[in-house]
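Below is one structure; the comments refer to it alone.
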Amino acid sequence: MSAAIEADVAIVGAGIAGASAAAMLAARCRVVLIEREAQAGYHSTGRSAALWSASLGDANVRALTVGSRPFFDAPPQGFAEHPLLVPRGVLEVAAEDARSALDAKVEACRVLSPGVARLSPAEAADKVPVLRIEGLAGAFWEPEAADMDVAALHQGFLRLARARGAGVLLGAEVLGLARDGGAWRIETPAGDVRAAIVVNAAGAWADELARLAGAAPAGLVPCRRTGLIVPLPPGTAAASWPLFGDIAESFYARPEGGRLMVSPADETPMPPCDVQPDELDVAIAVDRLETATTLRVTRIDRRWAGLRTFAPDRLPVVGFDPVIEGFFWLAGQGGYGIQTAPAMAELAAALLLDDRVPEVLLDLGLEREAVRPGRASVAAN
Ligand SMILES: Cc1cc2nc3c(=O)[nH]c(=O)nc-3n(C[C@H](O)[C@H](O)[C@H](O)COP(=O)(O)OP(=O)(O)OC[C@H]3O[C@@H](n4cnc5c(N)ncnc54)[C@H](O)[C@@H]3O)c2cc1C
């Protein structure tokens, strides 16, 4: 039997969570990143809508999103060839019966995003002329929202991790996890790894990995979300449209390379898997787009689905397991795992190595207790 690869920290899962954590941790210790698939980013990371928006989630998620912005705006030298963000904006229309939800969202989001504003229906139509504005109370407007280059971010983190000495094992599903002489022995088809600490960045499979380690699951629920690409009528000048949807989150759409990406904003719970789109969700997306706009969908060029994995309170789970020694959680990123990745990786490194939360995230309003593994809502599962 060949000797096990030795590391201080073994990170399981090379999606955006694992890759970003590997890059941060490798600056200070020996890291191995372990991924089941032959290609890192095959699951949720490669299937997102690629939008940075500080209006998603609660105050903790907004703190992690805003805390990630400086990295996106000024990544380390040589990290990516092009800017990671391109301005886009988010516009969410509100029907009369959603007037109070609109007011509440504008007020809550202004705290960290000073540009957030309430627009009249006519102002909304100025930004997206195909919107039907009859019966609207107004719209939520977030000018700071931006398109993310997810592939460049992910590859940049993987490159940085390798440059800092991290090993990356692909095609290496973790099949066994056992404590052995004060460290973990991690079994994979690509060889065994021995590490003091295991980081659980297994995305939709994070509860399965926890069970393998003998830890209690966090009650994580993978939920399917669908995306499709449809053509726009010839001559439509859509490049400058923001991402648009409704405040009730029943659909959203955004221009993408001369066409439109549309999602029915579905959230169907399911076991972790290589998820595929359901035709009913595709039809719902088309129907909601056609109801909210004057557009008619003549063809669907592409469809896909991915999993967004939520803890019961919809907050990430970050930190050491309260019971199992050396088992660190980096899971439950839901629908915000890309835009929060830089801050989540810094948070993970600070908790893992120094048992502290970075000052900048505390200042933005992040509460350590809110994301702690073993907190009440997570422990109840
Ligand atoms: C349609 C859609 C739209 C989205 N839009 C956005 C958006 O606009 N903005 C945003 O920020 N987020 C968005 N998200 C959410 C975002 O994609 C996720 O939060 C993020 O990708 C999660 O990253 P991850 O690394 O945790 O998971 P993944 O990318 O799924 O990575 C986990 C990895 O762990 C590996 N793994 C699992 N078990 C094992 C094992 N036993 N051994 C080895 N490896 C294992 C898997 O193979 C996988 O590669 C969207 C998601 C979807 C589906």
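The values are calculated or read from the model by the stated rules, or taken from the named source; none is laboratory data. Not measured: the values here are computed from a predicted model. Cβ placement follows ideal geometry from the backbone for every residue including glycine, while neighbour counts extend to all protein chains displayed. The protein model used for the area step is the full one, side chains on, heavy atoms only, and it has no ligands, DNA or RNA in it. Shrake-Rupley method; radii C 1.70, N 1.55, O 1.52, S 1.80 Å.
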Checklist entry - Where does the range 173-323 land on the Kirkwood hydrodynamic radius, alpha-carbon pairs, in angstrom? => result 18.2 Å
Checklist entry - Nearest 10 degrees, 0 to 90: what angle lies between the long axis of helix 279-292 and the longest principal axis of the chain (Cα atoms)? => result 40 degrees
Item to check | Rounded tilt (10° steps) of 341-354 against the dominant C-alpha axis of the chain | outcome: 30 degrees
Item to check | Of all accessible heavy-atom area on the chain, the percent that carbon and sulfur account for (1.4 Å) | outcome: 54 percent
Item to check | DSSP-loop trypsin sites (Lys or Arg not before Pro) across the range 88-188, with at most 15 other Cβ within 10 angstrom | outcome: ARG132
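Using only alpha carbon pairs under 8 Å that are at least six residues apart, calculate the relative contact order of the range 11-54 and give it in whole percent. Walk me through the numbers before you get to the answer.
Values: 34 pairs, mean separation 19.6, N = 44.
It rounds to 44 percent for the range 11-54.
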Next on the checklist: Within 14 Å, Cβ to Cβ, of ALA122, how many net charges do the neighbouring residues add up to if Lys/Arg are +1 and Asp/Glu are -1?
Outcome noted: 0
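Rounded to the nearest 500 deg cm²/dmol, what is the calculated helix-only ellipticity per residue at 222 nm for the chain, with -39500 (n - 2.57) per DSSP H run of length n ≥ 4?
Numbers: 11 runs with 106 residues, N = 381.
It lands at -8000 deg cm²/dmol.
For the range 103-205, which GluC sites (Glu not before Pro) are in a loop by DSSP, counting at most 16 other Cβ atoms within 10 Å? Before the final figure, lay out the partial values.
Details: sites: GLU107, GLU123, GLU134, GLU144, GLU173, GLU187; in loops: GLU134, GLU144, GLU173.
Passing sites in the range 103-205 are GLU134, GLU173.
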Item to check | Per-q log10 I(q)/I(0), the range 166-231, q = 0.14, 0.21, 0.22 Å⁻¹ (Debye; single scatterer per alpha-carbon; no solvent) | outcome: -0.52, -0.93, -0.99
Checklist outcome for this item: With the convex hull built on the alpha-carbon atoms of the range 297-381, volume per residue in Å³ sits at 141 Å³
Checklist outcome for this item: Comparing GLY15, GLY326, GLY235 in a Gaussian network model of the chain (Cα, 10 Å), the one with the largest mean-square fluctuation is GLY235
Checklist entry - Against the longest principal axis of the chain, how steep is helix 99-110, in degrees 0 to 90 to the nearest 10, with axes from Cα atoms? => result 50 degrees
Checklist entry - Given the range 107-228 reduced to its alpha-carbon atoms as identical point scatterers, what log10 I(q)/I(0) does the Debye formula return at q = 0.20, 0.22 Å⁻¹? => result -1.22, -1.31
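Any chance you could tell me what percent of the C-alpha pair distances in the range 234-308 go past 15 Å?
When every Cα pair of the range 234-308 is considered, 58 percent fall beyond 15 Å.
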Next on the checklist: Using all alpha carbons of the range 267-326, what is the percent of pairwise distances in each 10 Å bin, ordered from the shortest bin to the longest?
Outcome noted: 16, 32, 27, 15, 8, 3
Checklist entry - Which value, in Å², gives the accessible area per residue of the chain when a 1.4 Å probe is used on the protein heavy atoms? => result 41 Å²
Checklist entry - Quick one: putting +1 on the C-beta of Lys and Arg, -1 on the C-beta of Asp and Glu, what dipole do you get for the chain around its Cα centre, in Debye to the nearest 20? => result 520 debye
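Relative contact order for the range 180-281 using alpha-carbon pairs under 8 Å, separation at least 6, rounded to a whole percent?
23 percent
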Item to check | Stokes-Einstein D in µm²/s, Kirkwood radius over Cα pairs - the range 215-274 at 10 °C with 1.306 mPa s viscosity | outcome: 116 µm²/s
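Let me know the whole percent of all Cα-Cα pairs from the chain that are separated by more than 26 Å. Working shown, then result.
Working: 37517 of 72390 pairs.
Tail of the P(r) past 26 Å holds 52 percent of the pairs.
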Next on the checklist: When a/c reaches 1.5 or more, the comparison of a/b and b/c decides; with that in mind, is the range 44-91 rounded, prolate or oblate per its Cα gyration tensor?
Outcome noted: prolate
Item to check | Relative contact order %, the chain, counting alpha carbon pairs below 8 Å whose residues are six or more apart | outcome: 23 percent
Next on the checklist: Can you tell me what percent of all Cα-Cα pairs in the range 11-139 are more than 18 Å apart?
Outcome noted: 68 percent
